[in-house]
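Below: one structure, written as structure tokens.
A short reminder: the numbers here are calculations on the coordinates, not readings from a lab. Since we're looking at a predicted model, the values are computed, not measured. FYI the Cβ positions are ideal-geometry reconstructions off the backbone, even for glycines, and counts take in every protein chain you see.
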Amino acid sequence: MAITLNFFWHMHQPDYRNAEGKMHMPWVFLHAIKDYYEMPWLLSRYPTLKATFNITPPLIEQLRIYIEEGIERDIFLSLWIKEPRDLSSDERSYVIKICHSPQFDTMVKPFHRYVELFKRDDLNDNEFIELEVLFMLAWCGNYLREKDETVSRLIHKGHGYTGADKQELMDALLHFLTTIKPFYKELLEKGQISLATTPFNHPILPILIDMTNAKISNPHTEIPANHFPLVEDAREQVRWAIDLYEKVFGCRPTGFWPAEGAVDEKSVEIYKEFGLRWIATDEAILFKSLSLDTEQREELYKRYAYHDIFIAFRDHRLSDLIGFTYRFWEGDRAADDFIHHLHAIDRKVENATISVILDGENAWEFYQNNAFDFFDALYRKLSHTPWCRTVTMDELSRKHDVDMPRLHPGSWIYGTFDTWVGHPEKNSAWELIYQTKNDFNHHAPQLTEEVKAQITDHFLAAECSDWFWWYGEDHYTDYAEEFDELFRSHLITIYKLMDVVPPSSLFNPIAGNRKDLHALINEPKFSIQPRIDGHITSFFEWLGSGMIDETRIFSTMDKVRGPISTIHWGEDRDSVFIRLDGDIDALKENGMVRLYVRELNETIDIELNRSPMLGDISMAIEKIIEIGINKRLYFHGLKQASLRLEILKDGEVVQVLPGVSELVIDLTEDYSKNWFI
């Protein structure tokens, strides 16, 4: 028996350009120096392996601007390159905000001087330059650190950076950007990769075509009352994407990753109309389309087509292991675990075809070393695994086993569209689009073709999925106001192009007041002494504990929610206590909690079907899981313990907790400041 493995890496950033063409945020540039070359380079080091890369049009367009025009149209980078003395106080604060945005443990901590400056607010101009340079070096990927002389020398220098260093670094990075597109073309011509793209502005095509798809997918979803089909916009999104791809790569694309894996039968008709041969989406769509139970996983590993379009269905579990779980593991261990999962499928399913599809850029900043250790180990081991053959999507799509009679509308987020419509903020954004489209249709006869073309550009940009992603409560970003402003700016510009006063509603922010993510974490207030019996014995026993509500921190897209919904923690003089709430019955048979203590580099395994008392760890599982850990024996000499929890079922990790950062317990806390009457 053997398996066929399809790695599919989706490279996407929204269009950060405002109506004047200025890029409000620098993430395209930063991921370019960290990920867009690095990911295919990691694969190229193992020539027998293959993969598919999806590169979206907004990403292609903005990379072109950097290459052809430099950094003048990037608001942040044009401030970054200036002398600190030439910045206003607001500009200086904005630069610092961006320089404080990287993941601290994985990107800041490797640079000792960066840590020193990161924690200070009173930087002089020389220190400000150091912070800027260290920020940019932290974003440089492993390829640049290894191959680029300027980057390597500046990292080795470590501190004392000057304005000249800053300029030399930017020159080197802008030159590096010119090598990205040719590298993809080289690997494409060698046959080691397939390339694909996405409808032009990354829209949710099925609800653009027909908003009632959101209701079909989930009858409980509230949709805008004034909706109407935007079918021609949908066709333009596909047409423009194909034209840009052909211009950049010299050939037409063979397939698409529909934005957010969003599909329906009408969008497939459009893809077929434009000559595409394949698309990809999530396993949830397959199970709903064929009315399968989600445990009938053997059906996932066949090859499918709908209406002569080949469809690859994403293995959600395997993809999420890479996207979310392995970031906390040592590279070889993670690679071995992934191959173990492949082998388990190989033993159960004859000639299985497995598609691992996920974001190709955002997860790696949560890994140590930008995930180099993981990918190097994984690719090395796969290249010596005779029963596993990697393929590109072009190769995979050449034959199929099953013709699907229907295709359920939905996305890769639980097979619904609720991430982009349904919440009042999301619906408000859609209603503004429909209102603007109605007003445009009214004024269109008086407009020139040139103006109508400009307006079409802004409509397509306003239909980007990313704006709706950040509206509502299911995702958090420090830049919600910037995303909100960018979305509304496109609609405001449409009215200006029509020479019509924009409605006042377009000047009112849609996004409500956003709390810092850590405001969703309630820290412990005072000492607790719960009875470890698996029950909430009294109202007071966990009163004062810390609490994290996992359902608020992450949306359903970010990972398959595991059985645990909330975490409580606290301590007294002798013990640390942890309580887990959720679907506890699912863990009573063959369940385990594995605790990682970062300061000790040790793990504590707690089997949930053993005796309630486990020596120096007390545990009980009934209505809730309660755990008590002896401080003296397990945390002796520590001032704090940074914990990660893995929830295992039948030996497989089904959830990693907390969903954000670590559970940091101050072992010296006496709570005296919190006494109250």
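Annotations
- For Val593, Val451, the sequence from fewest to most other C-beta atoms within 10 Å is Val451, Val593.
- Taking the DSSP bridge list for the chain and keeping only pairs wholly inside it, about 65 percent are antiparallel.
- Proximal charge balance of Ala334 [Cβ under 10 Å; K/R count +1, D/E count -1]: -3
- Residue order, fewest to most surrounding Cβ atoms within 10 angstrom, among Thr197, Thr385, Thr537: Thr537, Thr385, Thr197
- Cα pair count fraction exceeding 51 Å, expressed as % - the chain: 12 percent
- Taking the number of Cβ atoms within 10 Å of each Cβ as an exposure proxy, the fewest-first ranking of Lys34, Lys181, Lys639, Lys302 is Lys639, Lys302, Lys181, Lys34.
- Based on Cα atoms of the stretch 185-403, Rg over Rh with Rh as the Kirkwood radius reads 0.98.
- Residue pairs, from the table Lys34/Lys426; Lys50/Lys181; Lys109/Lys166; Lys247/Lys437; Lys185/Lys247, whose Cα atoms sit over 23 Å apart: Lys34/Lys426; Lys247/Lys437
- Each other residue within a Cβ distance under 15 Å of Val349 adds +1 if Lys or Arg and -1 if Asp or Glu, for a net charge of -1.
- Seen from Phe118, the other residues with C-beta closer than 14 Å to its C-beta sum to a net charge of -2, counting Lys and Arg as +1 and Asp and Glu as -1.
- In this simple spin-label approximation, Lys147 and Phe183 carry label points 7 Å from Cα along the Cα→Cβ vector, and these lie 0.5 nm apart.
- Summary value for the chain: 14 percent relative contact order, contacts being C-alpha pairs under 8 angstrom separated by 6+ residues.
- Computed over the stretch 123-179: relative contact order in percent, which uses C-alpha pairs under 8 Å that are six or more apart: 40 percent
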